[in-house]
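Shown next, in structure tokens, is the structure this report addresses.
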């Protein structure tokens, strides 16, 4: 009998989101629209550029956002991650607990160092550029895994960002094997173009002989496949997973299986901040799938939830917002 709808592993990061101009972003030397890993000196340099600006602070991390979305929709989720014994770590633990997500942090905590953080720089065109200081997350390892909880889950979800961390990747792969041996479905998000460009070997290891669910946006898919041709991209992606969720921003999403596909249009909204949109889509999609809804219905829920996220500042939605979206999009199960 399953206990969790979703068991995920990923980086625990506290997001600090700033609204900045393109000129300031350029002056900071930040690669627009992508995630860049930074060290302590670079973090101090960037903070100096942001002096005087007040950020919005929220719990973050790609897979962290996904499990929170699923839990707020009514699913049951577990998150394996790592934080330090500091103020940000306390904030992160309390945030997961408040959102109804179980975690290894209830039992084990890092004792030294700093909790990971991410500067999310949002420009007027709603694009987000991220500068990530991994902190304690860089030391995420197999000790964060709860094998029995993996075995009791419906889906095991891996965050592609872990491809940049030797110990994090090893933990993700250990969990993958546990899940596979137990017959648990496997899911992976490619996370960011930078992971494909610089850490593809790790992503290949997570994919291995294929997964059940693969999440990526159009740019990530094109870079992965080495072509801009959408038909060729789809053919390649279909070989990687039993079901592929290809998100395309305002053009909606494409759900691909071995023998069919569904294009699900997006709700038309004015985008303010794209931070967390893909994470939200994945959480909403997997919630609906684990409840027995058709992939097209699951994608519709994902599209609506992602549209709500990009219509506001911040990577999370309230329980009330998600409840309203669920009631609007999903028919009652028979």
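Springs join every pair of Cα atoms under 10 Å in this Gaussian network model of the chain, and among 221, 144, 231 the largest mean-square fluctuation is at 231.
How long is the gain from residue 242 to residue 267 if the chain were fully straight, where each residue apart is worth 0.36 nm and the alpha carbon distance is subtracted? It would help to have the intermediate numbers written out before the result.
Values: separation 25, 0.36 × 25 = 9.00 nm, distance 2.62 nm.
Working it through step by step, the gained length comes to 6.4 nm.
Footprinting exposure proxy ranking of 95, 39, 15, fewest other C-beta atoms within 10 angstrom first, gives 39, 95, 15.
Extension gain for the segment residue 21 to residue 205, taken as residue separation times 0.36 nm less the Cα-Cα distance, is 62.4 nm to one decimal.
Listed by Cβ neighbour count within 10 Å, with the fewest neighbours leading, 133, 215, 285 appear as 133, 215, 285. For the pair residue 319 and residue 258, label points projected 7 Å from Cα toward Cβ lie 4.2 nm apart. At q = 0.09, 0.12, 0.19, 0.24 Å⁻¹, work out log10 I(q)/I(0) for region 55-164 with the Debye formula, treating every Cα as an identical point scatterer and leaving solvent out; two decimals please. Relative scattering, expressed as log10 I(q)/I(0), comes to -0.24, -0.43, -1.07, -1.57.
DSSP beta bridges confined to the chain are antiparallel in about 35 percent of cases. Structural descriptor for region 1-154: relative contact order 39 percent, calculated from alpha carbon pairs under 8 angstrom and at least 6 residues apart. Dividing the helix sum by the residues of the chain, where each DSSP H run of 4 or more adds -39500 (n - 2.57), gives a mean residue ellipticity at 222 nm of -12000 deg cm²/dmol.
What does DSSP give for region 68-133 in terms of the percent of beta bridges that are antiparallel, rounded to the nearest 5?
Details: 6 of 9 bridges.
Bridges in region 68-133 that DSSP calls antiparallel: roughly 65 percent.
Note down, for region 195-334, the three equivalent ellipsoid semi-axes (square root of 5 times each alpha carbon gyration tensor eigenvalue), biggest first, whole angstrom. Kindly include the intermediate steps, with their values, before the conclusion.
Details: eigenvalues 127, 63, 38 Å².
In descending order, the three semi-axes are 25, 18, 14 Å.
Modelled spin-label separation between residue 97 and residue 2, with each label point placed 7 Å from Cα along the Cα-to-Cβ direction: 2.8 nm.
For region 159-311, the relative contact order works out to 16 percent when only alpha carbon pairs closer than 8 Å and six or more residues apart are counted.
Sort 4, 293 by Cβ crowding within 10 Å, fewest neighbours at the top. Show your work: numbers first, answer last.
Values: 4 26, 293 19.
Taking fewest neighbouring Cβ atoms as first place, the list is 293, 4.
Report the normalised scattering of the chain as log10 I(q)/I(0) at q = 0.11, 0.15 Å⁻¹, calculated by the Debye formula with identical scatterers on the alpha carbons. Debye output, listed in q order: -0.64, -1.28.
Report the antiparallel proportion of the DSSP beta bridges in region 1-114 as a percent, rounded to a multiple of 5.
The answer is about 40 percent antiparallel.
Each of the peptides 84-93, 66-75 was scored by the mean count of other Cβ atoms within 10 Å over its residues; in descending order, highest first, they stand as 66-75, 84-93. Paramagnetic label reach from residue 227 (point 7 Å along Cα→Cβ; backbone nitrogen cut-off under 13 Å): within region 233-254, residues 233-239. Label-to-label distance for residue 311 and residue 182 is 3.8 nm, based on points extended 7 Å past Cα in the beta-carbon direction. Separation of region 182-197 from region 240-305 is 15 Å, based on Cα centroids.
Region 116-130 and region 311-327 have Cα centres separated by 20 Å.
Any read-out appearing in this document is the output of simple, stated calculations on the displayed coordinates, not a laboratory observation. Being a predicted model, the structure only gives us computed values, none of them experimental. Cβ: placed from backbone, ideal geometry, glycine included. Neighbour counts: every protein chain shown.
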